[in-house]
1. Could you tell me whether V181 is more than 12 Å from V105 (Cα to Cα), part of a loop (DSSP other than H, G, I, E, B), β-branched (V, I, T) and in contact with an Asp or Glu (Cβ under 9 Å, 6 or more places away or on another chain)?
2. Does any residue of the range 85-100 turn out to be of a type outside the set (D, E, K, R), touching a strand residue (DSSP E or B) at 6+ places or on another chain (Cβ under 6 Å) and part of a loop (DSSP other than H, G, I, E, B)?
3. Filter the range 209-230 for residues that are surrounded by fewer than 22 Cβ atoms within 10 Å (Cβ to Cβ) and aliphatic (A, V, I, L, M) and give the result.
4. Residues in the range 150-166: is at least one in contact (Cβ under 8 Å) with a residue 40 or more places away in the chain, over 16 Å from the mean Cα position of the chain (by Cα) and on the phi < 0 side of the Ramachandran plot?
5. Are any residues in the range 2-20 in a loop (DSSP other than H, G, I, E, B) and either β-branched (V, I, T) or on the phi > 0 side of the Ramachandran plot (or both), and if so, which ones?
6. Of the residues that sit in the range 173-194 and are within 18 Å of the chain's Cα centre (by Cα) and of a type in the set (G, A, S), which one is nearest to R129 (Cα to Cα)?
7. Need the failing condition index for R69 against (1) among the basic types (K, R); (2) in contact with a Lys or Arg (Cβ under 9 Å, 6 or more places away or on another chain); (3) free of Cβ contacts under 8 Å to residues at least 24 places away in the same chain, just the number.
8. Confirm whether G198 is modelled with pLDDT of 95 or more and at positive phi.
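The values are calculated or read from the model by the stated rules, or taken from the named source; none is laboratory data. All figures in this text were calculated on a predicted structure; none of them were measured in a lab. Note that each Cβ is placed from the backbone with ideal geometry, even for glycine, and that neighbours are counted across all protein chains shown.
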Amino acid sequence: MKRIASIQDISCLGRCSLTVALPVISAMGVECAIVPTAVLSAHTAFPGFVSRDLTDQLPAIAAHWQQQRVHFDALYTGYIASVPQVQQVLDFFDAVKSPDTLLIVDPAMADHGKLYAGFGDDFPAAMARVVARADVALPNITEACLLTGTPYREDVDEGFARTLLQRVAALGVKRVVLTGVSFAPDRLGAMGYDSRTGTYFTAQGRRVPASFHGTGDIFAATVTGGLMRGMTLERASALAVEFVLACIDATARDPHAGWYGVEFEKALPLLCRRVQEQAKSE
């Protein structure tokens with residue numbers, strides 16, 4: 001069984017970050033160790049949330065894992081709590097990463113044209129240092145713009161998407177998947193780029209006229225699990241688009257669903273079936 005470590009926050013309420021990554025990746029048949037970067041009472045869309053930064057714990061966790069000689073097939077980062085924590089995450093990479101460890105970075109810091117609550121204007125430059133180390137980066141459009149100093153646009157055509165992908169790759173990333181991309185009114189999904197080959201791909205699904213918190217985290221966790229199960233990045237991205245859509249559909253059908261995230265639990269059987277189908281085709 002493949003083993004990964006997910007480095008991001010725990011939001012005690014709200015389906016996002018580690019409370020999504022751990023069950024999704026585990027359901028895909030991949031061991032998921034966790035490295036909490038912060039503990040939040042609820043995710044940052046909740047007014048009045050409280051947070052405890054865990055930067056000072058990262059070196060101790062890394063040192064203990066080194067002593068245990070634990071090997072990780074991938075390190076997957078999400079929400080990083082502060083600028084000072086960025087260096088600790090980079091040091092964590094150096095301490096724990098093996099030559100064959102895949103680095104997957106979801107630069108979870110912004111959406112809809114603005115940074116998440118609690119981040120200052122200096123944070124994108126700090127996050128760019130983490131992205132530069134990645135083998136695979138998974139930004140949304142806002143994050144890609146902030147990482148590269150590109151003015152944010154709501155209307156993203158294929159040409160602009162390619163420009164963003166190339167600019168993120170220029171930070172040093174081998175492969176980039178840009179999420180929240182739409183090239184037709186009724187379609188929404190992602191577009192990928194491999195800087196080593198200069199090739200692109202798209203993974204699109206049906207557009208749903210609603211927006212939900214945490215779907216980017218679900219996408220990133222599914223891509224990570226897919227890569228660990230031997231899928232290509234294109235196939236893992238297509239699965240992630242399908243699974244996110246299934247999560248949204250399940251939530252939209254429930255009149256009592258909470259506003260703070262999608263009911264991904266109801267769509268896990270679909271995800272498990274797709275992983276089993278992949279295993280049978282190998």
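1. For V181, the condition - more than 12 Å from V105 (Cα to Cα), part of a loop (DSSP other than H, G, I, E, B), β-branched (V, I, T) and in contact with an Asp or Glu (Cβ under 9 Å, 6 or more places away or on another chain) - is not met.
2. No, every residue in the range 85-100 fails to be of a type outside the set (D, E, K, R), touching a strand residue (DSSP E or B) at 6+ places or on another chain (Cβ under 6 Å) and part of a loop (DSSP other than H, G, I, E, B).
3. Selection gives A210 alone.
4. Yes, because at least one residue in the range 150-166 is in contact (Cβ under 8 Å) with a residue 40 or more places away in the chain, over 16 Å from the mean Cα position of the chain (by Cα) and on the phi < 0 side of the Ramachandran plot.
5. Listed by number, the residues that qualify are G14, S17.
6. Only one residue fits best here, namely G192.
7. (2)
8. Yes: the conditions hold for G198.
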